[in-house]
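Beneath this line is the structure, given in structure tokens, with notes to follow.
The values are calculated or read from the model by the stated rules, or taken from the named source; none is laboratory data. Here the structure is a predicted model, which means the values were calculated and not measured. Note that we place each Cβ from the backbone using ideal geometry, even for glycine, and neighbour counts take in every protein chain shown. SASA here: full protein model, heavy atoms, side chains in, ligands and nucleic acids out. Shrake-Rupley method; radii C 1.70, N 1.55, O 1.52, S 1.80 Å.
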Amino acid sequence: MCRAAELAEHGKGFVNPNPLVGAVIVREGRIIGEGFHARYGGPHAEREAFRNCTEDPRGATLYVTLEPCCHYGKTPPCTEVILEKGIARVMVGLTDPNPLVAGKGMALLQNAGIAVESGVETERLAKQNRVFLKYITTRMPWVVLKTAMTLDGKIAAYTGDSKWVTGEEARREVHRMRAEYMGIVAGSGTVKADDPLLNCRGVAGCRQPVRIVVDSAASLSPDSRIFRSAGEQPVIVAHTTKAGADKLELLQAAGVNTLLCTEREGRVSIPDLLRQLGERQIDSLLLEGGGELNASFLNAGMVDEVVAFIAPKLIGGREAPTPVEGTGIANMHEAVRLREVESGKIGEDVWIRGLVEKRK
Ligand code: AOF
Ligand code: ZN
């Protein structure tokens with residue numbers, strides 16, 4: 001199962017909104033076939049493992065990180081091929097919460113006389129598929145707040161200069177992360193200040209994420225780099241009824257998709273935005289600030305994970321922007337807390353990441 005989990009990783013950034021799945025076929029303690037789900041719409045892990053078999057899998061054991069599907073989606077049911085190939089035993093990692101499967105895949109195999117065991121390595125596998133597990137059950141994207149700051153907690157100098165806070169290696173890692181999520185979100189203030197492209201550069205064969213700009217009044221100029229590249233990489237502007245028809249038409253003419261969201265305290269409602277992005281099959285978002293937008297996401301309880309890069313630099317400035325602005329909390333006990341925290345070094349910088357503890 002560990003090997004199957006390792007194989008599943010290769011699908012990262014290519015299979016969304018599908019799960020990461022790996023499969024290994026074993027006979028008499030030897031691996032005779034391996035496969036993984038490599039891209040959305042492509043064959044499932046089980047079929048790939050059968051295709052790569054070096055000998056007849058009749059009577060062998062199949063290890064698969066997710067319950068085999070039993071429905072016709074973009075591909076035919078995996079249960080069919082498992083029966084056809086005469087597999088004797090199936091070891092399942094996670095049960096598939098997809099309502100189309102949800103235990104029915106395993107029941108079908110069992111009823112056909114196959115020995116089925118589930119719940120192998122589930123903790124590790126649930127972590128690996130945290131994006132899928134949230135999306136398939138809520139239809140809301142998994143949100144990762146990413147930030148890069150100095151040791152004194154600033155994301156730019158008081159002048160707005162932010163090139164660069166962290167070193168080259170950390171910045172390269174951010175580009176790799178962008179390829180992993182289906183969407184990147186930034187606020188209009190950040191786009192105005194930095195004129196970023198928000199694409200993924202220097203990662204071979206990567207899939208470009210959809211760029212989402214939260215801009216209530218649709219105030220951004222169609223001349224920004226992000227909009228000028230709308231033809232090559234999709235852009236969505238999330239706005240409220242505040243946006244004038246003329247502004248929206250200008251953006252639409254530049255190839256930008258505009259998305260009307262309900263309002264919350266005069267701004268785009270974050271839950272409504274996420275719901276609408278989920279409807280558009282966007283299962284995951286990398287939230288790249290600025291501080292006001294990050295605060296709105298956190299206040300709405302809509303951040304699932306935080307990744308921070310911290311540069312060993314001190315820049316000072318009471319006006320210098322920080323990763324989370326808004327009003328903030330009054331008391332320490334109200335802090336948003338992280339669990340399953342991990343940390344390490346990347347180049348000169350330090351990274352720290354964790355899952356957001358959900359408020360009760
Ligand atoms: C598996 N093995 O490798 C994957 C599964 O549209 P489709 O045919 O690709 O089906 C997608 C659904 O199938 C997805 O939502 C999830 O429930 C399951 N994915 N199942 O047995 C795989 N990728
Ligand atoms: Zn399948």
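What ranking, highest mean first, results for peptides 352-358, 102-108, 177-183 when packing means the other Cβ atoms within 10 Å averaged over each residue?
Peptide ranking by packing, descending: 177-183, 102-108, 352-358.
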Requested in this report: Translational diffusion coefficient, Stokes-Einstein: compute it for the chain using the Kirkwood radius over C-alpha pairs as Rh, at 20 °C and 1.002 mPa s, and state it as an integer in µm² s⁻¹.
Outcome: 97
Report task. Averaging sequence separations of C-alpha pairs under 8 Å and six or more residues apart, then dividing by the length of the stretch 1-141, give the relative contact order as a whole percent. Result -> 20
Report task. Evaluate the distance, in nm, between pseudo-label points positioned 7 Å from the Cα of Thr262 and of Arg124 along their respective Cα→Cβ axes. Result -> 4.3
Report task. With a 1.4 Å probe and every protein chain left in place, tell me how much accessible area Phe36 has, in Å² to the nearest 10. Result -> 60
Query raised in the report: Under a plain spin-label model, where a point goes 7 Å from the Cα along Cα-to-Cβ, how far apart in nm are Glu340 and Arg280?
Result: 2.8
Query - Karplus 3J(HN,Hα) series, Hz, for the stretch 336-351 with 6.51 cos²θ - 1.76 cosθ + 1.60 (x for Gly, Pro) - result: 6, 10, 10, 10, 6, 6, 10, 8, x, 10, 9, x, 7, 8, 10, 10
Report task. Send over a whole-number figure in Å² for the accessible area per residue of the chain, probe 1.4 Å. Result -> 47
Query - Fraction of beta bridges assigned by DSSP in the stretch 1-110 that are antiparallel (%, nearest 5) - result: 65
Report task. Could you work out the relative contact order of the stretch 168-291, using alpha carbon pairs under 8 angstrom and six or more residues apart, expressed as a whole percent? Result -> 28
Requested in this report: Could you size up the charge dipole of the chain around its Cα centre, putting +1 on the beta carbon of Lys and Arg and -1 on that of Asp and Glu, and report it in debye to the nearest 20?
Outcome: 180
Requested in this report: Please arrange Thr147, Thr258 by accessible surface area, largest first, computed with a 1.4 Å probe and ligands excluded.
Outcome: Thr258, Thr147
Query raised in the report: By how many nm would the segment from Ala253 to Asp195 grow when fully extended, if each residue of separation counts as 0.36 nm and the alpha-carbon distance is taken off?
Result: 18.9 nm
Query raised in the report: Local charge sum around Met1 (other residues, Cβ-Cβ under 11 Å, Lys/Arg +1, Asp/Glu -1)?
Result: -1
Query raised in the report: To the nearest 10 degrees, how steep is helix 270-279 against the longest Cα principal axis of the chain, on a 0 to 90 scale?
Result: 40
Query raised in the report: What residue among Ser296, Ser188, Ser343 has the largest mean-square fluctuation in a Gaussian network model of the chain, using Cα springs under 10 Å?
Result: Ser343
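Mind ranking 213-219, 115-121 by how tightly packed they are, going by the mean number of other C-beta atoms within 10 angstrom, highest first? Don't jump to the answer; show the numbers that get you there.
Details: 213-219: 21.3, 115-121: 14.7.
The peptides rank, most packed first, as 213-219, 115-121.
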Requested in this report: Output the antiparallel fraction of DSSP beta bridges having both residues in the chain, as a percent to the nearest 5.
Outcome: 40
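Between Ile352 and Arg51, how high is the FRET efficiency from 1/(1 + (r/R0)^6) when r is the Cβ-Cβ distance and R₀ = 30 Å? Nearest 0.05.
Once rounded, the FRET efficiency stands at 0.15.
Quick one: net charge of Glu67's neighbours, Cβ under 13 Å, K/R +1, D/E -1? The partial results should precede the final answer.
Numbers: positive: Lys104; negative: Glu46, Asp96, Glu117.
Counting the neighbours of Glu67, the net charge comes to -2.
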Requested in this report: May I ask you to rank Trp164, Trp142, Trp351 by accessible area, largest first, using a 1.4 Å probe over the protein chains only?
Outcome: Trp164, Trp351, Trp142
Query raised in the report: What's the local net charge at His239, with K and R +1, D and E -1, over the other residues with C-beta under 12 Å away?
Result: 0
Report summary line: So, relative contact order of the chain in percent, Cα under 8 Å, 6 or more apart, is 15
Query raised in the report: For His175, His333, what's the largest-to-smallest order of accessible area, 1.4 Å probe?
Result: His333, His175
Query raised in the report: Taking Cα atoms, how many degrees apart are the long axis of helix 168-180 and the longest axis of the chain, rounded to 10 and kept between 0 and 90?
Result: 60
Query - Above-threshold pairs, the threshold being 31 Å between Cα atoms, out of Lys12/Lys313; Lys127/Lys163; Lys134/Lys345; Lys74/Lys192; Lys134/Lys313; Lys74/Lys242 - result: Lys12/Lys313; Lys127/Lys163; Lys74/Lys192; Lys134/Lys313; Lys74/Lys242
Query - FRET efficiency estimate (nearest 0.05) - Cβ-Cβ, Tyr72 to Asn111, R0 25 angstrom - result: 0.85
Query raised in the report: Counting only residues 5 or more places away or on other chains, whose amide H sits under 5 Å from the amide H of Arg264 once H atoms are built in the peptide plane?
Result: Ser269
